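The next block holds one structure in the form of structure tokens; read it before the comments.
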Amino acid sequence: MALGLWSCQETEIVVPRVKEIVSDRVVLIEDFTGVQCTNCPNASREISSLAHKYNGNVVAIAYHTDFLGLPITKDGYKSKYNFTTPDGNLLEEEMGGYQGKPAVTLNRKLYDAQQEYLLTSSSILGNIESELRSIPRVVIDIENQYDAETRKLRTKVDIKPQAVASGDFRLHVCITEDKIIDSQIDNIVYVKDYEHNHVFRTMLSTLAGDILGTDLVPGSNLSRTYEYTLPPEAGWWVASHCNVVAFVTDLSQKAFNVGAVLQAAEKHVIE
Amino acid sequence: MQKLALTFFGFFLVLWQGYGQGITGGKVSGGLQTNLNFFMKDASINAANTPQYETQLYSADSWLNVNYNTKGFEAGIRLDVYNHSYLFNPNGGSYTGIGIGNWYVAKQIDKLNIAGGYLYDQIGSGIIYRAYEERPLAIDNALFGVRASYDLTPNWRVKGFTGQQKFQFDRYGAIIKGASIDGFITVSDSAAKHTLTLSPGAGVVARTFDNPTIEGINNVLKYYEPIDSIATYKSNTYAMTVYNTLSYGPFTLYTEAAYKTPEVMYSPTEFRHIGLDSSAGKFIKAAGTVFYGSLSYADHGLGINIEGKRTKNFSFRTDPNLLLNRGLINYIPAMSRVNTYRLTSRYNPAIQFMGEYAFQVDVQYRFNDHWNALINYSHINDLNDVKLYREIYGEVTFKPNKKNQFILGLQRQEYNQYIYEGKVSVPNVETFTPYIEYLHKFNRKTAIRVEGSMMATRQDYGSWAFGLVELTIAPHWSFVIADMYNYDYNPEKTKKANNYPSIIAFYTRGSNRFSLGYIKQVEGIVCTGGICRYEPAFSGVKATVSTTF
């Protein structure tokens with residue numbers, strides 16, 4: 001009873017509500033996932049929810065990596081596609097290796113010395129607001145030109161520095177695809193027609209990023225152009241579902257072999 | 001922290017020398033346990049795709065502890081070594097860390113006992129508090145803090161403690177404090193045939209979140225949809241318990257009831273709404289209860305043990321964001337038989353902290369010097385009456401003479417693989433496992449033990465056969481050859497009928513024990529007292545060194 005009375009004296013913690021954030025900052029969430037990963041759809045839904053809440057300020061990439069990313073072989077639910085890519089696997093290694101899935105990174109940063117690069121989806125929730133409130137050091141514009149007949153894509157990426165900065169700056173550009181329908185283990189069931197979004201398809205730049213230089217100066221804009229022919233459409237590689245994702249990293253701010261992300265951007269291949 | 005520990009011990013040794021008694025004035029004890037793994041990739045049994053199999057090829061876990069005891073003063077220190085260890089994350093993790101894993105000092109001053117450092121302890125059966133070490137499960141949740149206990153009378157003791165829970169070489173932020181009182185009462189009646197004794201006790205434990213933990217909880221909760229939202233919660237959670245052991249002649253009755261004030265807990269089976277979708281696993285806020293009792297009878301060759309418990313919302317952790325075996329403050333007794341044969345122990349039910357209704361009956365009878373028999377029944381459901389686990393176990397031991405012994409048994413299990421292993425779209429595993437063991441002693445030094453068993457099941461990996469031969473040449477040598485064969489395999493789990501052979505040699509000399517073996521091991525769940533850990537498939541060589549001094 002004494003404990004009960006004592007307990008009643010305590011001031012309760014009030015859970016804060018999510019605040020609206022108006023910002024030019026665009027953060028990158030990278031999701032290391034797999035079609036055989038039971039809990040990965042939970043992280044995927046969490047990321048979609050964040051992208052919805054912070055509309056236009058969150059860019060996501062889903063890398064399906066070994067071994068939970070390997071196709072499902074169960075009868076009745078056999079995967080149509082193999083989403084794994086050598087680049088995805090290599091990137092996961094670069095970030096410290098497989099530590100269980102789902103694993104996510106926010107802006108390729110270590111927020112806590114105790115933590116790994118690859119975090120649980122709930123870990124990113126604690127840092128996304130502060131990331132979104134930070135002032136972007138660069139702004140990225142993407143301009144896509146796509147020829148439906150030849151399936152040729154020409155992407156121009158403009159990087160506009162917002163503040164003077166020194167480092168080892170790299171530009172990473174890749175293609176992701178939404179709305180790919182294929183099997184996935186989702187919590188307690190196999191789902192044959194699961195919708196896979198933000199699926200990493202290919203790099204347009206190098207995985208390590210194309211060198212931009214060591215100094216960013218406002219007014220001295222940088223520009224890079226990439227050309228790529230989309231493979232034939234075969235259930236996937238649907239141009240209208242594809243996006244170009246670009247982000248700038250600073251390799252001088254690294255804990256493993258990847259640099260922290262300064263800013264990200266995304267644009268549909270076909271607007 | 002390590003500097004602090006070493007400085008402290010250096011100081012302690014110097015001080016002791018200064019008193020002119022020297023370290024040799026007391027008793028030094030300790031031990032070393034070292035497990036070495038040399039990995040040999042075998043993709044056919046899923047022993048692959050981890051850093052250990054792909055690049056590191058080796059892992060080691062080792063613990064070296066030294067204790068010193070003299071005239072009511074005790075001190076101990078332990079070095080923990082993890083090299084490429086998969087203990088903490090068996091799903092492909094690789095952890096390397098070396099440091100002081102434990103140190104403590106304790107002193108008895110008249111009726112007062114004081115202790116500081118990394119302390120292991122429990123209240124009652126552990127339902128509200130248990131700080132313990134279980135190396136195979138990667139559990140070491142010692143409390144880093146201080147403890148004092150005082151003997152009020154020869155039969156009554158009060159105890160209090162405060163500190164933080166250890167994790168690897170670090171500590172969790174929450175503060176854990178508690179107190180308990182334990183007694184012993186003898187009710188003597190000269191006319192009665194037996195003496196009635198009571199061992200009553202009560203305890204309370206409080207956990208106070210630190211600010212980073214609160215921030216971590218808030219960062220998750222603030223994104224919850226209104227339908228799932230938790231508006232407020234308290235920083236402190238109190239768990240309290242009362243318990244008693246009553247003994248009367250051949251009867252022993254243990255009862256315990258525990259209550260925990262409402263707190264934020266993670267429920268892995270409840271669904272959280274995310275937009276129009278939902279995901280398994282969410283935070284809930286609720287109070288918790290546990291009722292546990294066991295009644296045992298032992299007399300005239302007959303032993304009966306009946307246990308029952310009901311658990312509701314009793315996950316009690318330093319941080320509700322922690323999963324699996326991390327951050328556990330309490331322990332709830334398991335309600336299933338502890339099996340030792342390879343196949344009968346393949347499926348183990350883990351304790352369900354969030355909800356469980358279970359009972360177990362165990363009867364053993366010794367007919368005469370030659371025949372023994374036992375039968376056990378375990379029954380575990382969740383609170384919605386979903387079947388989690390059933391086990392019927394019968395065993396007969398026949399010892400015709402001093403040289404020979406036969407054991408014959410049969411086990412029937414039903415095991416909810418989704419709840420216990422998180423495997424999706426799979427039915428409950430249903431098994432029939434007959435087994436036989438024969439022990440023959442050639443002479444006082446040499447003996448051979450032969451074990452054979454078969455697990456018939458259509459689920460999981462399918463049916464298994466297991467055979468083992470163990471030759472013991474006392475007092476030093478022991479050799480084991482065994483094979484586990486997936487003779488009627490499930491093609492959804494494996495492409496062929498795999499063999500899992502092992503050949504191990506043990507050498508014992510005094511308190512030193514060495515082993516070296518080539519082992520292939522199927523993935524499974526390893527449990528101790530209902531606390532379980534996923535053990536991945538293994539292929540390679542294992543070597544162990546253990547000693548006590």
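The values are calculated or read from the model by the stated rules, or taken from the named source; none is laboratory data. Just so it is clear, the model here is predicted, and its values are computed rather than measured. Here the Cβ positions follow ideal geometry from the backbone for every residue, glycine too, while neighbour counts run over all protein chains shown.
Taking the listed residues B:F479, B:F514, B:F506, B:F466, the one that is surrounded by 14 or more Cβ atoms within 10 Å (Cβ to Cβ), part of a strand (DSSP E or B) and touching a residue at least 60 places away in the same chain (Cβ under 8 Å) is B:F466, with no other qualifying. Taken over the stretch A:89-103, the criterion of being at pLDDT 90 or above and either surrounded by 23 or more Cβ atoms within 10 Å (Cβ to Cβ) or closer than 13 Å to A:D182 by Cβ (or both) is satisfied by A:L91 alone.
Among the residues of the stretch B:142-173 satisfying the criterion of being small (G, A, S), part of a strand (DSSP E or B) and out of contact with any helix residue (DSSP H, G or I) (no Cβ under 6 Å at 6 or more places or on another chain), which is farthest from B:N236 (Cα to Cα)?
Among them, the one singled out is B:S149.
Of all residues in the stretch B:110-141, those satisfying the criterion of being over 28 Å from B:N244 (Cβ atoms) and part of a strand (DSSP E or B) are B:G116, B:G117, B:Y118, B:D140.
Could you run through the stretch A:9-23 and say how many residues are surrounded by 10 or more Cβ atoms within 10 Å (Cβ to Cβ) and more than 7 Å from chain B (Cβ to nearest Cβ)? Final tally of qualifying residues: 2. Within the set B:A231, B:A287, the sole residue that is surrounded by fewer than 18 Cβ atoms within 10 Å (Cβ to Cβ) and touching a residue at least 24 places away in the same chain (Cβ under 8 Å) turns out to be B:A287. With respect to the conditions (1) closer than 21 Å to A:V26 by Cβ; (2) in contact with a helix residue (DSSP H, G or I) (Cβ under 8 Å, 6 or more places away or on another chain), A:E233 lacks only one, and its number is (1). Only one of the numbered conditions (1) within 8 Å of another protein chain (Cβ to nearest Cβ); (2) in a helix (DSSP H, G or I) is violated by A:E93, and that is (1).
Residues that are at pLDDT 95 or above and over 18 Å from A:P102 (Cβ atoms) within the stretch A:180-205 comprise A:I181, A:R201, A:T202, A:M203, A:L204, A:S205, listed in sequence order. Residue-level check: of (1) part of a strand (DSSP E or B); (2) within 17 Å of B:T318 (Cα to Cα); (3) in contact with a Gly (Cβ under 7 Å, 6 or more places away or on another chain), B:P212 misses just (1). Given the structure, is B:A358 away from chain A (no Cβ under 14 Å) and touching a His at 6+ places or on another chain (Cβ under 7 Å)? Criteria met by B:A358. Inspect the stretch B:96-109 for any residue being part of a strand (DSSP E or B), in contact (Cβ under 8 Å) with a residue 40 or more places away in the chain and within 14 Å of another protein chain (Cβ to nearest Cβ) and give the result as yes or no. Yes, some residue in the stretch B:96-109 is part of a strand (DSSP E or B), in contact (Cβ under 8 Å) with a residue 40 or more places away in the chain and within 14 Å of another protein chain (Cβ to nearest Cβ). Per the listing B:D319, B:D369, the residue uniquely in contact with a helix residue (DSSP H, G or I) (Cβ under 7 Å, 6 or more places away or on another chain), farther than 30 Å from B:G462 by Cβ and at pLDDT 90 or above is B:D319.
Residue by residue, here is whether (1) within 14 Å of another protein chain (Cβ to nearest Cβ); (2) farther than 20 Å from B:A334 by Cβ; (3) within 23 Å of the chain's Cα centre (by Cα) holds:
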position	(1), (2), (3)
B:F398	no, yes, no
B:K402	no, yes, no
B:F406	no, yes, no
B:R412	no, no, no
B:N416	yes, no, yes
B:S425	yes, yes, no
B:E430	no, yes, no
B:P434	no, yes, no
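Could you tell me whether the stretch B:525-538 includes any residue that is buried (at least 19 other Cβ atoms within 10 Å of the Cβ), among the polar types (S, T, N, Q), in a strand (DSSP E or B) and touching a residue at least 24 places away in the same chain (Cβ under 8 Å)? No, there is no match, as no residue in the stretch B:525-538 is buried (at least 19 other Cβ atoms within 10 Å of the Cβ), among the polar types (S, T, N, Q), in a strand (DSSP E or B) and touching a residue at least 24 places away in the same chain (Cβ under 8 Å). Here the condition is being surrounded by 18 or more Cβ atoms within 10 Å (Cβ to Cβ), modelled with pLDDT of 95 or more and within 30 Å of B:R317 (Cα to Cα); of B:I380, B:I351, it holds for B:I380 alone. Residue count for the stretch A:202-261 under the criterion of being part of a loop (DSSP other than H, G, I, E, B) and either surrounded by fewer than 16 Cβ atoms within 10 Å (Cβ to Cβ) or touching an Asp or Glu at 6+ places or on another chain (Cβ under 9 Å) (or both): the result is 21. When the residues of the stretch B:273-301 are filtered to those that are more than 14 Å from chain A (Cβ to nearest Cβ) and of a type in the set (A, V, I, L, M), the one that is nearest to B:R337 (Cα to Cα) is B:L295. The set of residues from the stretch B:191-221 being surrounded by fewer than 19 Cβ atoms within 10 Å (Cβ to Cβ), modelled with pLDDT of 90 or more and charged (D, E, K, R) comprises just one member, B:D210.
Which one is surrounded by the fewest Cβ atoms within 10 Å (Cβ to Cβ), of the residues in the stretch A:47-65 that are in contact (Cβ under 8 Å) with a residue 60 or more places away in the chain and under 19 Å from A:F83 (Cβ atoms)? Filtering first and then ranking leaves A:S48. Has the stretch A:34-52 got at least one residue that is out of contact with any strand residue (DSSP E or B) (no Cβ under 6 Å at 6 or more places or on another chain) and more than 13 Å from every other protein chain (Cβ to nearest Cβ)? The answer is no, given that none of the residues of the stretch A:34-52 is out of contact with any strand residue (DSSP E or B) (no Cβ under 6 Å at 6 or more places or on another chain) and more than 13 Å from every other protein chain (Cβ to nearest Cβ).
If the condition is being outside any loop (DSSP other than H, G, I, E, B) and among the hydrophobic types (A, V, I, L, M, F, W, C), then the stretch B:222-269 contributes B:I227, B:A239, B:M240, B:V242, B:L246, B:F251, B:L253, B:A257, B:A258, B:V264, B:M265.
Is there a residue in the stretch B:187-208 that is more than 17 Å from B:Q122 (Cβ to Cβ), assigned to a helix (DSSP H, G or I) and within 14 Å of chain A (Cβ to nearest Cβ)?
For the stretch B:187-208, residues more than 17 Å from B:Q122 (Cβ to Cβ), assigned to a helix (DSSP H, G or I) and within 14 Å of chain A (Cβ to nearest Cβ): absent.
Out of curiosity, is B:N486 modelled with pLDDT under 90 and either in contact with a Phe, Trp or Tyr (Cβ under 6 Å, 6 or more places away or on another chain) or closer than 30 Å to B:E391 by Cβ (or both)? No: the conditions fail for B:N486. The set of residues in the stretch B:80-95 that are surrounded by fewer than 17 Cβ atoms within 10 Å (Cβ to Cβ) and facing chain A (nearest Cβ under 9 Å) contains only B:N91.
Just one of the numbered conditions (1) more than 7 Å from chain A (Cβ to nearest Cβ); (2) at pLDDT 90 or above is not true of B:Y233: (1).
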